[in-house]
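Undergrad: One structure coming up, written as structure tokens, with questions to follow.
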Amino acid sequence: MIKKIFVSLALLGLVLMFLPFVRDFDFHNELSDLSSQYVVGSINDLNTQNVVTSVIVTYRGLDTLGEVTVLFLATAGVGFLLRKKKASLKPRRSSELLQTASQFLFVLIILTGVYIFTHGHLTPGGGFQGGVLITTAFLLLILADVNLKFNHSILHLVESFSGAFYVMIGLFGLLLIGMNSFLDPAILPLGKFGYLLSAGAIPIIYSLVGLKVGSELTTIIDKMGGE
Amino acid sequence: MIFALILGFLLLVIGLYGMLTQKNLIKIVIGFSIVDTGTHIIIVSIGYLRGKTAPILDGAVDLANAAKQVVDPIPSALVLTAIVIGLAVTALMLSFVIKLYQKNKSLSIDDYQELKW
């Protein structure tokens, strides 16, 4: 009881510290200079319809590479902790409905995921969302049959291939355009604004991110499903 | 969106309270998850501009004057990656919990005295 009072007091202090920030926060009516630069550059330099994508993949591309690395480290941690696969479980059989629906929906969900990460530069979506959607398809399969075994070498191959290719596209920027152009999408023709084959290397980079996120999260789900 | 900002801070405080008072390891992870969501809502609400549309330059936006019609794209971009990272970190914490439970057969934090001082 005394602990809860102390915790409440500490949180009250935290609230008091944050209070001026919330009370005096004035919402802007205009974009900041940096953001409007990003919006204008997304139209003029990158030919990308989705400004969020151009910020993630190009303007903050190095950050995204770092985020993908953090994701990889988390997956490696899960794989390290849950290394030993238990002998096959004897769970309750999942219902007929789930089994049939998972076979029917699996392909559709994968297709939607691929659509979302290949159209990341045009519509809301992108590699991270598409990758997570692909993982839900595999989660459905595991829910329908807990003892399902995935082919780990293919998962690892997809993951390492997409990661290595992502870095290589970045290095191509240095090679083909010059210094200060790591991850510059202009190594490929920029195409016509608003079309699928536009925005240079952005769709390719985002597809690689999608494959990498999808295969990594599938590995996590597979490891946790075994426990 | 002042409401979203307040809601975000409320979630943050609720999550922290849960993390500090709960004894069950899984409930602590859930508290972390709530803090995570609260932070995302705060960041997105900071980027909101009244009466503007999403930063996707399709038919709804006039290209010649695009910077005056869209909300801030940077907070959305930051939150987008943070959500996936939060998912992976939550998975990592849950696998720690699974390992601890397998070793000591207990989910209560009181049974883990090794790091107490």
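Computed from the coordinates by the stated procedures, all read-outs in this text should not be read as laboratory data. These figures come from a predicted structure and were not determined experimentally. Methodologically, a virtual Cβ is constructed for each residue, glycine included, from the backbone with ideal geometry; neighbour enumeration extends over all protein chains shown.
Undergrad: Just add up the charged neighbours of A:Thr58: K/R +1, D/E -1, any other residue whose Cβ is under 13 Å from the Cβ of A:Thr58.
TA: Numbers: positive: A:Arg60; negative: A:Asp45, A:Asp63, A:Asp184.
For residues surrounding A:Thr58, the net value is -2.
Undergrad: For a bin width of 10 Å, list the pair-distance distribution of region A:122-186 built from all Cα-Cα distances, rounded to whole %.
TA: 17, 31, 30, 15, 7, 0
Undergrad: While we're looking at this one, here's another question. Relative to the longest principal axis of chain B, what angle (0 to 90°, nearest 10) does the C-alpha long axis of helix B:73-104 take?
TA: 10 degrees
Undergrad: Ok, one more. At 222 nm, what helix-only mean residue ellipticity would the protein assembly as shown give, in deg cm²/dmol to the nearest 500, using -39500 (n - 2.57) for each DSSP H run of four or more? Kindly include the intermediate steps, with their values, before the conclusion.
TA: Values: 11 runs with 223 residues, N = 344.
The helix contribution divided over the protein assembly as shown gives -22500 deg cm²/dmol.
Undergrad: Another one. Note down the relative contact order for region B:1-65 as a percent, whole number, built from C-alpha pairs under 8 angstrom at least six residues apart. If you can, show how the numbers build up before the last one.
TA: Numbers: 58 pairs, mean separation 24.5, N = 65.
Reported as a whole number, the value is 38 percent.
Undergrad: Please work out whether the protein assembly as shown counts as rounded, prolate or oblate from its C-alpha gyration tensor, where a ≥ b ≥ c are the square roots of the eigenvalues and a/c under 1.5 means rounded, while otherwise a/b larger than b/c means prolate and anything else oblate?
TA: Oblate shape, in that a/c is at least 1.5 and b/c is the bigger or equal ratio.
Undergrad: Count, for each residue of A:206-213, the Cβ atoms from other chains sitting within 10 Å of its Cβ, then give me the mean as a whole number. Before the final figure, lay out the partial values.
TA: Numbers: counts 0, 0, 0, 2, 0, 0, 0, 3.
Mean partner shielding for this stretch: 1.
Undergrad: What is the mean number of Cβ atoms from other protein chains located within 10 Å of the Cβ atom of each residue in peptide B:93-105, rounded to a whole number?
TA: Values: counts 3, 6, 11, 4, 1, 6, 5, 1, 1, 4, 0, 0, 0.
Per-residue shielding by partner chains comes out at 3.
Undergrad: Additional query: Which helices of chain A meet both criteria: a Cα extent of 27 Å or more along the helical axis and a mean Kyte-Doolittle score no lower than 0.5, with helices taken as whole DSSP H segments? Provide the component values of the computation, followed by the final result.
TA: Values: long enough: A:2-23 (31 Å, 1.88); A:61-81 (30 Å, 1.43); A:96-118 (34 Å, 1.57); A:152-176 (35 Å, 1.50); A:202-225 (34 Å, 0.93).
Membrane-span-like by this criterion, though nothing is claimed about a membrane: A:2-23, A:61-81, A:96-118, A:152-176, A:202-225.
Undergrad: Continuing with the same structure: Give me the inter-chain shielding for B:52-59: mean count of other chain Cβ atoms within 10 Å, whole number please.
TA: Details: counts 3, 0, 4, 13, 10, 11, 5, 1.
Other-chain Cβ atoms within 10 Å of each residue's Cβ, averaged: 6.
Undergrad: Please report, to two decimal places, log10 I(q)/I(0) for region B:17-74 at q = 0.20 Å⁻¹ as given by the Debye formula with identical point scatterers on the Cα atoms and no solvent.
TA: At q = 0.20 Å⁻¹ the computed log10 ratios are -0.73.
Undergrad: Neighbour counts of other C-beta atoms within 10 Å: give me B:Met93, A:Met1, B:Met1, A:Met17 arranged from fewest to most. Don't jump to the answer; show the numbers that get you there.
TA: Numbers: B:Met93 19, A:Met1 4, B:Met1 16, A:Met17 9.
Least to most surrounded, the residues fall as A:Met1, A:Met17, B:Met1, B:Met93.
Undergrad: Order these peptides, A:116-126, A:211-221, by their mean beta-carbon neighbour count within 10 angstrom, highest first.
TA: Numbers: A:116-126: 22.6, A:211-221: 25.2.
Highest to lowest by the protection proxy: A:211-221, A:116-126.
Undergrad: A further question on this structure: Between 0 and 90 degrees, rounded to the nearest ten: what's the tilt of helix B:25-46 against the longest Cα principal axis of chain B?
TA: 20 degrees
Undergrad: Give me the one-decimal nm value for the distance between modelled label points at A:Ala76 and A:Ser94, 7 Å along each residue's Cα-to-Cβ direction.
TA: Modelled inter-label distance: 3.1 nm.
Undergrad: Can you give the relative contact order of region A:102-196 as a percent, counting alpha carbon pairs under 8 Å and 6+ residues apart? List each step's numbers first, then the result.
TA: Values: 76 pairs, mean separation 19.4, N = 95.
Dividing the mean separation by the residue count of region A:102-196 yields 20 percent.
Undergrad: Separation between the A:Phe106 and B:Tyr48 pseudo-spin-labels, each 7 Å from Cα along Cα→Cβ, expressed in nm?
TA: 4.2 nm
Undergrad: Once you charge only the Cβ atoms, +1 for Lys and Arg and -1 for Asp and Glu, what is the size of the charge dipole of chain A about its Cα centre, to the nearest 20 debye?
TA: Values: 15 positive and 14 negative charges, 261 e Å.
Its charge dipole is roughly 1260 debye.
Undergrad: How far, in degrees from 0 to 90, does helix B:2-21 lean away from the longest principal axis of the Cα atoms of chain B, to the nearest 10?
TA: Taking Cα atoms only, the helix is inclined about 10 degrees.
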